[in-house]
Amino acid sequence: MTRILLTASFAVFSTLVSAANLSVGTATAAPGQKATGFIEVPAGSDPGTNIPVVVVNGTRTGPILALVSGAHGTEYASIIALEKVIQTLDPQQLTGAVIIVPLLNLGSFEKKVPHVNPTDGKSMNRFYPGNPNGTQTDRASWLMTKEVVEKSEYLIDLHGGDLDESLRPYSYWSKTGDERLDSTSRGMVLAFGLDHIILVTDRPKDANASRYLDSTASTRGKPAFAAEAGHAGTTEPADVDALVTGCYNVMKHLKMLPGTVTPIEHPVWIGKVDTISGDVEGVFYPLVKRGNYVAQGMKLGYITDFFGKTISEPRAPAAGVVLYVCSVPSMTKGATVANIGEVISEPQ
């Protein structure tokens, strides 16, 4: 039976069932156990793959939270963060269950290919809810929807700076217009604790064309958000710890673990993200760093030809904070130079 659990400040969605075995892919955990396995993606028009999955089943009835990382397999900080959660989360202390997918895009990880699945050239966070008859990314997305999204009640999608992205930590919070859903997901993202939050209002509303993993959850009535930490493929302890701590904070917030968490009180809210793209091919030299605040028209860097002559000077279209800047010299026409977040007052 589905009930809405109310706390003093937010509504929590939870389907309460008697303690029982929980299976995701080939992983089955009885109450009080932790089990590992795979979501097996069969071969189709291209090869199949196996997605690692862990089920941590608590000893007491409660919510089911999904934690996912590695949609982009060189966003290493998020992957290492969930590896640490797998190692440290104790099912004996847990109320409810946690489904953990630490590495969705195995091909990207193995071949060190940023942004896409090298098997079919698709981003593994752009093709939800998937298609069982499509290419590997489509088939994997379809199984993630069936095995992870549909079996969970809350979801956090972890990301971080890819090999060519020097990124400062931030979360995405989608305002869907559903008051109860938005109240719960907002409570989760504030509990997670990253100090910059991007307000998103234009995510898909159609569950059959949800595109992103967190949107696949929210269009099915499940509170969800995405969080990013890590830069340029590094695994700095501060970035990894921010994601690990955030996951545990949300578990405490949802009363899945003992303890209390103080939500971040005054995050920086970002109302619009401006993407600045390279207009020429050449060698990129950044003049700003992640987290810098820039004025409108400020030079973000310059691009030279292969003989050192400056041929382009990308500038900020508006004032804001550098969410990430290209971290490598390689620049092609249309590639991202930087993302600038425009700061707004706290949304109501």
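Report, by residue number, each residue of the stretch 322-348 that is hydroxyl-bearing (Ser, Thr, Tyr) and in a loop (DSSP other than H, G, I, E, B).
Filtering the stretch 322-348 for residues hydroxyl-bearing (Ser, Thr, Tyr) gives 324, 327, 330, 332, 336, 345.
Within the stretch 322-348, Ser327, Thr332, Ser345 qualify.
Please find, among Ala77, Ala81, the residue that is buried (at least 24 other Cβ atoms within 10 Å of the Cβ), farther than 21 Å from Glu150 by Cβ, touching a residue at least 40 places away in the same chain (Cβ under 8 Å) and touching an Asp or Glu at 6+ places or on another chain (Cβ under 6 Å). Before the answer, list the steps.
Details: Ala81 fails: touching an Asp or Glu at 6+ places or on another chain (Cβ under 6 Å).
Matching residue, one of Ala77, Ala81: Ala77.
Considering Thr260, Thr235, Thr216, which residue is assigned to a loop (DSSP other than H, G, I, E, B), within 24 Å of Pro114 (Cα to Cα) and not charged (D, E, K, R)?
Numbers: Thr260 fails: within 24 Å of Pro114 (Cα to Cα); Thr216 fails: assigned to a loop (DSSP other than H, G, I, E, B).
Of Thr260, Thr235, Thr216, the one residue that is assigned to a loop (DSSP other than H, G, I, E, B), within 24 Å of Pro114 (Cα to Cα) and not charged (D, E, K, R) is Thr235.
Answer with yes or no whether Glu147 is in a helix (DSSP H, G or I), buried (at least 19 other Cβ atoms within 10 Å of the Cβ) and either at pLDDT 95 or above or assigned by TED's automatic domain parsing to the domain that holds Gly73 (or both). Steps first, please.
Details: in a helix (DSSP H, G or I): yes; buried (at least 19 other Cβ atoms within 10 Å of the Cβ): yes; either at pLDDT 95 or above or assigned by TED's automatic domain parsing to the domain that holds Gly73 (or both): yes.
When the stated conditions are applied, Glu147 passes them.
Quick one: which of Arg186, Arg220 is out of contact with any strand residue (DSSP E or B) (no Cβ under 7 Å at 6 or more places or on another chain), under 21 Å from Leu65 (Cβ atoms) and assigned by TED's automatic domain parsing to the domain that holds Ser69?
Numbers: Arg186 fails: out of contact with any strand residue (DSSP E or B) (no Cβ under 7 Å at 6 or more places or on another chain).
Exactly one residue qualifies, and that residue is Arg220.
I'm checking my understanding of the structure. Among residues of the stretch 23-35 that are part of a strand (DSSP E or B) and either touching a helix residue (DSSP H, G or I) at 6+ places or on another chain (Cβ under 7 Å) or outside the structural domain of Glu147 (by TED's automatic domain parsing) (or both), which one is farthest from Thr88 (Cα to Cα)?
Of all residues in the stretch 23-35, those part of a strand (DSSP E or B) come to 23-24, 27-29, 33-35.
From what's left, either touching a helix residue (DSSP H, G or I) at 6+ places or on another chain (Cβ under 7 Å) or outside the structural domain of Glu147 (by TED's automatic domain parsing) (or both): 24, 33-34.
Details: Val24: 20, Gln33: 13, Lys34: 11 Å.
Filtering first and then ranking leaves Val24.
Take the residues in the stretch 182-228 that are among the small types (Gly, Ala, Ser) and surrounded by fewer than 24 Cβ atoms within 10 Å (Cβ to Cβ), then tell me which one is nearest to Glu342 (Cα to Cα).
Step one: filter the stretch 182-228 for residues among the small types (Gly, Ala, Ser), giving 183, 185, 187, 191, 193, 207, 209-210, 215, 217-218, 221, 224, 226-227.
The next check asks that each one be surrounded by fewer than 24 Cβ atoms within 10 Å (Cβ to Cβ); those that pass are 183, 187, 191, 193, 207, 209, 221.
Details: Ser183: 23, Gly187: 22, Ala191: 23, Gly193: 20, Ala207: 29, Ala209: 28, Gly221: 29 Å.
Only one residue tops the list, namely Gly193.
Would you check which residues across the stretch 299-316 are on the phi < 0 side of the Ramachandran plot, in a loop (DSSP other than H, G, I, E, B) and exposed (fewer than 15 other Cβ atoms within 10 Å of the Cβ) and list them?
Result: Asp305, Phe306, Phe307, Lys309, Glu313.
Please determine, by comparing only the residues of the stretch 229-246 that are within 14 Å of Val85 (Cβ to Cβ) and of a type in the set (Val, Ile, Thr), which one is surrounded by the most Cβ atoms within 10 Å (Cβ to Cβ).
Val240
Show me the strands (runs of 3 or more DSSP E) found entirely inside the stretch 36-127 where at least 3 residues are in the same structural domain as Asn208 (by TED's automatic domain parsing) and more than 20 Å from Pro223 (Cβ to Cβ). Give the derivation first.
Values: elements: 49-57, 60-68, 95-101.
Because the criterion is at least 3 residues that are in the same structural domain as Asn208 (by TED's automatic domain parsing) and more than 20 Å from Pro223 (Cβ to Cβ), the strands (runs of 3 or more DSSP E) in the stretch 36-127 that meet it are 49-57.
The values are calculated or read from the model by the stated rules, or taken from the named source; none is laboratory data. All figures in this text were calculated on a predicted structure; none of them were measured in a lab. We place every Cβ from the backbone using ideal geometry, glycine too, and count neighbours over all the protein chains shown.
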